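One structure below.
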Amino acid sequence: MDLQYDAKKVEKLAQEYWNQHKTFEVDENNPGDKFYCLCMFPYPSGNIHMGHVRNYSIGDAIVRYQKMLGKNVLQPMGWDAFGLPAENAAIKNKTHPAKWTYKNIANMKKQLQAMGYGYDWSRELATCDPNYYKWEQWLFLRLYEKGLAYKKNSVVNWDPVDKTVLANEQVINGRGWRSDALVEKKEISQWFLKITEYADELLAELDGMTGWPEQVRTMQKNWIGKSTGAKINFGIVNSQNTIEVFTTRADTLFGCTYIALAPDHEFAKQAAKQDNKINAFLEKCKLSSTAEADFSTAEKEGIETNIKAVNPLTGDLLPVWIANYILSSYGTGAIMAVPAHDERDYQFAKKYNLPIKQIIEYSNETQMSIKDGPLTNRGVLINSSKYNGLTSEIAAQEIVNDLKILGSGSKSISYRLRDWGVSRQRYWGAPIPIIYCHNCDIVPVPDKDLPVVLPDNFEFSDNPKVLETLPEFYNVKCPKCGNDAVRETDTFDTFFESSWYYARFACRDQENSMLDKRVDYWAPIDLYIGGIEHAILHLLYARFFHKIMRDVGILKSNEPFARLFTQGMVLKDGSKMSKSKGNVVDPQDYIDKYGSDTLRLFIMFSAPPELSLEWSDTGVEAAHRFIKKLWLIVKKHVDCGIVTEKNIPGNLNSIQMDLRRKLHETLAKVTDNMESRFAFNTVIAAIMELLNAYNKFNIQSQTDKIISQEVMDTVVLMLSPIIPHVSHTLWQSLGHKKAIVNELWPTVDKKALLKETMEMSVQIDGKLRASLEVPSNADRNTIETEVLLLEKIKKHLTNKSVKKIIIVPGKLVNIVSV
Ligand SMILES: [Zn+2]
């Protein structure tokens, strides 16, 4: 054993061992229960960052622990390789996005390998590989056949800098998430996936998903936003048309004082054609974002039309307004405004002097009046004719029933979730497999012609719509009629690729189908680890894709991720590391200087994994010192002589018993944390405390040596998921032939946990049959229970029953049988 810890030497040895023995390459026929652990795959930006190191070190520790439990463990890795940064970097560096991307992948792979993560590299995939995106093109065509993929004109968030459509979630405070440019509205024709068709299932299953953080489940619930209510039709004076509104408060129908339309509601557009002021207002609305967060905070603005609507129950004539706070995509894009009982309607009515009519009574406790603000709680109805005196709940039911009889309304459910617009007007993405023909309109690319490969043999420039400039790409013959036709030149949103990669890892080498039966062995994923920022979009889309893959018949489970863990961020000087702040710490520098075990140890020790971690160079140095110290402690034991004897003698002195108790208490605590809570910081602290106790232990006798060996073995086993390289070498130095990565996790010796124990003879009808070891303070009940659990006693009591048990304290138990 070397005198000192040499990180470079140790890490090279361990990594060579894992590579040569293909330690982390698994197949479905390996023994043991399966455990599929996946960390969210990286975007190949060029270098791994500390966020990756944290995410992947947590995943790797869990994987190595689960492997030590004897499970068949899969941990794959790949590259989320499409996306805008590649195009921007290619323009900047005068290269091609593919070239830039593959170069980055090669570099980052080297870095991940230097960290020694236990990946099954035989399953590595990059989403920009035609062999990968071929299958999502295939899936898209199945969705098109089912009517779950469709094309429509829609108003989109347009990022004028990146020249692309943004999803609402990619608009932050009215600006593009990447470019930070003010987002505009634009109407274009786009492909959509009907995620709303699955809204109910996506929502209903969240309740049973107890392996997910409560916070994430709540975020998804809110995002799907199910509201139960009613659709009500308001007639229009001098017209056959009606305005349909959706409301969750049918009980407030008598308090409606105006109707409000979304700016892109059909009637609003019609009104704009006859009125310049209205037209100008609609144009102004187009400049604001469609993101909901901005909706709630924006100043309420509106304009009155010359349309008059009729309340179907009261016959009241109501003015019809166009208002910027109405979302065209929620409900019907029109609302019945009840200012007395709705916050936004109240603000709007105050601003434009519209009537406010109270129809819910204040309870006795509240001294408020409607002048102070809207009363948004449910209550008892007033000013509502025959519904007066009813509670909101009952009134809503009766009003909807009466509207139904009149043919003016019905119960309805509305979702906040909208269909997923997947078209992107960019080059670096998977081509959408559609052809447009003058004769045949929309024609899907036949399966046999997949993949539609993204062309790469041209000079890449800053033209955002590259594919439109490549006739050799877009000119095709129509697969149906053979006439000249053109390809779709939009590409898929990159969330498309990340929605199913976890499933492809199960059968990455399958050339004939998107998935095969191996996915039913590995799915659902036992543990998925990534940042909380993916709580909604990525995780919701992946759940949606899992269900559509199930319904297309290529996998069986309902949900992709049984358990989800969201790790915290890595901060420097209290803020997120970013190039613009100049506070980025490069993992490579630390791997080079201290080795990857030090980096892993620091990351895992410095904070509970779900919380933010503050970067600290002194913390890194302390982690490095700990490993060096551990090396010396093991060396001291080894120099004393390795012991192969595993049986702990029975007659220990109190010092020996204390150390063993400490050891097994630590092991119990560590096991619990590795199993479920993932509090690695606690794990490491407990092991450090154990080593402090061990350092006070003097090795004098052979029994001391046996115990010392037990402590050293167990410590190294417990640390091996966290600092696997040094553990690999230390394990060999401790005299073991088998590599530590293939060893089993140690088990807690429950006897060692007992404080003082005593031995009692156990007799049946006066004959000595067994002996019993119990804590010296064990009470009568404990002794009776323990005695009857002894195998020898059970055997002798077959076909007999116990009449009574006599206990002579500290000495003897006699069972009297009949
Ligand atoms: Zn055709």
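The values are calculated or read from the model by the stated rules, or taken from the named source; none is laboratory data. What you see is a predicted model, and the numbers here were worked out from it, not measured in a lab. Here the Cβ positions follow ideal geometry from the backbone for every residue, glycine too, while neighbour counts run over all protein chains shown. All accessible areas refer to the heavy atoms of the entire protein, side chains included, with ligands and DNA or RNA removed. Shrake-Rupley method; radii C 1.70, N 1.55, O 1.52, S 1.80 Å.
Go through segment 34-44 residue by residue and tally those that are open to solvent by 30 Å² or more (accessible area, probe 1.4 Å) and in contact (Cβ under 8 Å) with a residue 60 or more places away in the chain. Steps first, please.
Within segment 34-44, the first condition is being open to solvent by 30 Å² or more (accessible area, probe 1.4 Å), and the residues that meet it are 34, 43.
When the remaining residues are screened for being in contact (Cβ under 8 Å) with a residue 60 or more places away in the chain, the result is 34.
Selection size over segment 34-44: 1.
Looking at the structure I just gave you, is Ile655 open to solvent by less than 50 Å² (accessible area, probe 1.4 Å) and out of contact with any Pro (no Cβ under 7 Å at 6 or more places or on another chain)? Give the derivation first.
Working: open to solvent by less than 50 Å² (accessible area, probe 1.4 Å): no; out of contact with any Pro (no Cβ under 7 Å at 6 or more places or on another chain): yes.
Considered against the rule, which asks whether it is open to solvent by less than 50 Å² (accessible area, probe 1.4 Å) and out of contact with any Pro (no Cβ under 7 Å at 6 or more places or on another chain), Ile655 comes out as no.
Take the residues of segment 398-423 that are in a strand (DSSP E or B) and open to solvent by less than 40 Å² (accessible area, probe 1.4 Å): which is farthest from the ligand (Cβ to nearest atom)?
This residue is Gly409.
Could you list all residues from segment 63-115 that are closer than 30 Å to Leu527 by Cβ and among the aromatic types (Phe, Trp, Tyr)?
Tyr65, Trp79, Phe82, Tyr102
Name every residue in segment 578-620 that is over 28 Å from the mean Cα position of the chain (by Cα) and surrounded by fewer than 14 Cβ atoms within 10 Å (Cβ to Cβ), in order of residue number.
The answer is Gly582, Asp589, Asp592, Lys593, Asp617, Thr618.
Taking the criterion of being part of a loop (DSSP other than H, G, I, E, B), crowded, with 17+ Cβ neighbours inside 10 Å and either away from the ligand (no atom under 16 Å from the Cβ) or not aromatic (Phe, Trp, Tyr) (or both), would at least one residue in segment 385-397 satisfy it? Before you say what the answer is, go through the steps one by one.
Residues of segment 385-397 part of a loop (DSSP other than H, G, I, E, B): 388-390.
With crowded, with 17+ Cβ neighbours inside 10 Å added as a condition, the list becomes 390.
Right, trim to either away from the ligand (no atom under 16 Å from the Cβ) or not aromatic (Phe, Trp, Tyr) (or both) and you get 390.
Yes, there is a match, as at least one residue in segment 385-397 is part of a loop (DSSP other than H, G, I, E, B), crowded, with 17+ Cβ neighbours inside 10 Å and either away from the ligand (no atom under 16 Å from the Cβ) or not aromatic (Phe, Trp, Tyr) (or both).
Residues are listed down the side, and each one gets a yes or a no for (1) away from the ligand (no atom under 16 Å from the Cβ); (2) open to solvent by 30 Å² or more (accessible area, probe 1.4 Å); (3) over 27 Å from Gln425 (Cβ atoms):
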position	(1), (2), (3)
Val486	no, yes, no
Thr491	yes, no, no
Trp500	yes, no, no
Tyr521	yes, yes, yes
Leu555	yes, no, yes
Thr566	yes, no, yes
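How about segment 471-480: which of its residues are over 27 Å from Trp79 (Cα atoms) and touching a Pro at 6+ places or on another chain (Cβ under 6 Å)?
Step one: list which residues in segment 471-480 are over 27 Å from Trp79 (Cα atoms), which gives 471-472, 474-480.
Of everything in segment 471-480, just one residue is over 27 Å from Trp79 (Cα atoms) and touching a Pro at 6+ places or on another chain (Cβ under 6 Å), namely Pro479.
Looking only at segment 199-226, how many residues end up being over 30 Å from Leu611 (Cα atoms) and open to solvent by less than 20 Å² (accessible area, probe 1.4 Å)? Steps first, answer last, please.
At the first step, the residues of segment 199-226 found to be over 30 Å from Leu611 (Cα atoms) are 199-201, 226.
Still in the running and open to solvent by less than 20 Å² (accessible area, probe 1.4 Å): 199.
Qualifying residue count for the region: 1.
Within segment 777-796, can one find any residue that is in a strand (DSSP E or B), open to solvent by 30 Å² or more (accessible area, probe 1.4 Å) and among the β-branched types (Val, Ile, Thr)? Please lay out each step first, then the result.
Quick first cut of segment 777-796, residues in a strand (DSSP E or B) only: none.
Looking for residues that are in a strand (DSSP E or B), open to solvent by 30 Å² or more (accessible area, probe 1.4 Å) and among the β-branched types (Val, Ile, Thr), one finds none in segment 777-796, hence no.
Specify which of the listed residues (Val762, Val741) is under 30 Å from Asn72 (Cβ atoms) and surrounded by 13 or more Cβ atoms within 10 Å (Cβ to Cβ).
Details: Val762 fails: under 30 Å from Asn72 (Cβ atoms).
Step by step, each of Val762, Val741 is checked, and only Val741 is under 30 Å from Asn72 (Cβ atoms) and surrounded by 13 or more Cβ atoms within 10 Å (Cβ to Cβ).
Six or more apart or on different chains, Cβ under 7 Å: which pairs go from a residue in segment 470-483 that's within 22 Å of Ala430 (Cβ to Cβ) to one that's assigned to a helix (DSSP H, G or I) and near the ligand (Cβ under 8 Å from one of its atoms)? Could you list them?
From segment 470-483, no pairs qualify.
Would you check if Arg550 is open to solvent by 20 Å² or more (accessible area, probe 1.4 Å), modelled with pLDDT of 95 or more and either among the charged types (D, E, K, R) or farther than 30 Å from Asp617 by Cβ (or both)? Walk me through how you get there before you give the answer.
Details: open to solvent by 20 Å² or more (accessible area, probe 1.4 Å): yes; modelled with pLDDT of 95 or more: yes; either among the charged types (D, E, K, R) or farther than 30 Å from Asp617 by Cβ (or both): yes.
Yes, satisfied.
When only residues in segment 746-776 that are small (Gly, Ala, Ser) and not in a helix (DSSP H, G or I) count, which is farthest from Lys662 (Cα to Cα)? Full working, then the answer.
Residues of segment 746-776 that are small (Gly, Ala, Ser), as a first pass: 752, 761, 766, 770-771, 776.
This time we only want the ones that are not in a helix (DSSP H, G or I), so: 761, 766, 770-771, 776.
Numbers: Ser761: 28, Gly766: 38, Ala770: 29, Ser771: 26, Ser776: 19 Å.
Result: Gly766.
Let's see how each residue does on (1) farther than 22 Å from Ile591 by Cα; (2) among the charged types (D, E, K, R); (3) out of contact with any helix residue (DSSP H, G or I) (no Cβ under 7 Å at 6 or more places or on another chain); (4) part of a helix (DSSP H, G or I):
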residue: Lys12; (1), (2), (3), (4): no, yes, yes, yes
residue: Phe35; (1), (2), (3), (4): yes, no, no, no
residue: Ala86; (1), (2), (3), (4): yes, no, no, yes
residue: Thr95; (1), (2), (3), (4): yes, no, yes, no
residue: Met108; (1), (2), (3), (4): no, no, yes, yes
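Kindly indicate which of Ile525, Ile536 is surrounded by fewer than 17 Cβ atoms within 10 Å (Cβ to Cβ), within 22 Å of Cys39 (Cβ to Cβ), more than 16 Å from the ligand (Cβ to nearest atom) and among the β-branched types (Val, Ile, Thr).
Working: Ile525 fails: surrounded by fewer than 17 Cβ atoms within 10 Å (Cβ to Cβ).
Exactly one of Ile525, Ile536 is surrounded by fewer than 17 Cβ atoms within 10 Å (Cβ to Cβ), within 22 Å of Cys39 (Cβ to Cβ), more than 16 Å from the ligand (Cβ to nearest atom) and among the β-branched types (Val, Ile, Thr), namely Ile536.
Quick check on my filter: what residues within segment 7-24 are among the acidic types (Asp, Glu) and surrounded by 15 or more Cβ atoms within 10 Å (Cβ to Cβ)? Spell out how you get there, then give the answer.
We begin by selecting, within segment 7-24, every residue among the acidic types (Asp, Glu); these are 11, 16.
Scanning segment 7-24 gives a single hit, Glu11.
For Phe460, all conditions in the list (1) in contact (Cβ under 8 Å) with a residue 24 or more places away in the chain; (2) assigned to a helix (DSSP H, G or I) hold save one; what is the number of the exception?
(2)
Could you say whether any residue in segment 358-379 is within 26 Å of Lys231 (Cα to Cα), hydroxyl-bearing (Ser, Thr, Tyr) and either more than 38 Å from the chain's Cα centre (by Cα) or open to solvent by 80 Å² or more (accessible area, probe 1.4 Å) (or both)? It would help to see each step written out before you state the result.
As a first pass, look at segment 358-379 and keep what is within 26 Å of Lys231 (Cα to Cα): 358-361, 374-379.
With the extra rule that they be hydroxyl-bearing (Ser, Thr, Tyr), the set shrinks to 376.
Add one more test, that the residue is either more than 38 Å from the chain's Cα centre (by Cα) or open to solvent by 80 Å² or more (accessible area, probe 1.4 Å) (or both), and what stays is none.
No, that holds for no residue.
In segment 123-142, what residues are in contact with a Lys or Arg (Cβ under 8 Å, 6 or more places away or on another chain) and either part of a helix (DSSP H, G or I) or among the aliphatic types (A, V, I, L, M) (or both)? Explain how you work it out, then say what you get.
So the first thing to find is which residues in segment 123-142 are in contact with a Lys or Arg (Cβ under 8 Å, 6 or more places away or on another chain), and the list is 123-125, 132, 135.
Result: Arg123, Leu125, Tyr132, Trp135.
Report the residue count in segment 807-816 for those that are surrounded by 10 or more Cβ atoms within 10 Å (Cβ to Cβ) and more than 10 Å from Val762 (Cα to Cα). Please lay out each step first, then the result.
Step one: list which residues in segment 807-816 are surrounded by 10 or more Cβ atoms within 10 Å (Cβ to Cβ), which gives 807-809, 811-816.
With more than 10 Å from Val762 (Cα to Cα) added as a condition, the list becomes 808-809, 816.
Number of matching residues: 3.
Out of all the residues in segment 633-644, is one or more of a type in the set (Ser, Thr, Tyr), at pLDDT below 95 and over 29 Å from Leu772 (Cβ atoms)? Quick ask: steps written out before the conclusion?
Filtering segment 633-644 for residues of a type in the set (Ser, Thr, Tyr) gives 644.
Imposing the further condition that a residue be at pLDDT below 95 reduces the set to 644.
Now drop any that are not over 29 Å from Leu772 (Cβ atoms), which leaves 644.
Yes, because at least one residue in segment 633-644 is of a type in the set (Ser, Thr, Tyr), at pLDDT below 95 and over 29 Å from Leu772 (Cβ atoms).
From the residues in segment 424-478 that are away from the ligand (no atom under 16 Å from the Cβ) and of a type in the set (Phe, Trp, Tyr), which one is surrounded by the most Cβ atoms within 10 Å (Cβ to Cβ)?
Of the residues in segment 424-478, the ones away from the ligand (no atom under 16 Å from the Cβ) are 424-432, 447-448, 450-473.
So of that shortlist, the ones also of a type in the set (Phe, Trp, Tyr) come out as 427-428, 458, 460, 473.
Numbers: Tyr427: 27, Trp428: 25, Phe458: 12, Phe460: 19, Phe473: 19.
Filtering segment 424-478 for residues that are away from the ligand (no atom under 16 Å from the Cβ) and of a type in the set (Phe, Trp, Tyr), the one surrounded by the most Cβ atoms within 10 Å (Cβ to Cβ) comes out as Tyr427.
Taking only pairs six or more apart or across chains, which ones have beta-carbon atoms under 7 Å, a first residue in segment 621-637 that is surrounded by 14 or more Cβ atoms within 10 Å (Cβ to Cβ), and a second residue that is of a type in the set (A, V, I, L, M, F, W, C) and modelled with pLDDT under 95?
Cβ pairs passing all conditions: Lys635/Met1.
Could you list, in sequence order, all residues of segment 424-450 that are assigned to a loop (DSSP other than H, G, I, E, B) and closer than 22 Å to Asp484 by Cβ? First the steps, then the outcome.
So in segment 424-450, the residues assigned to a loop (DSSP other than H, G, I, E, B) come out as 425-430, 432-433, 438-440, 445-446, 450.
Within segment 424-450, Ile432, Pro433, His438, Asn439, Cys440, Val445, Pro446, Leu450 qualify.
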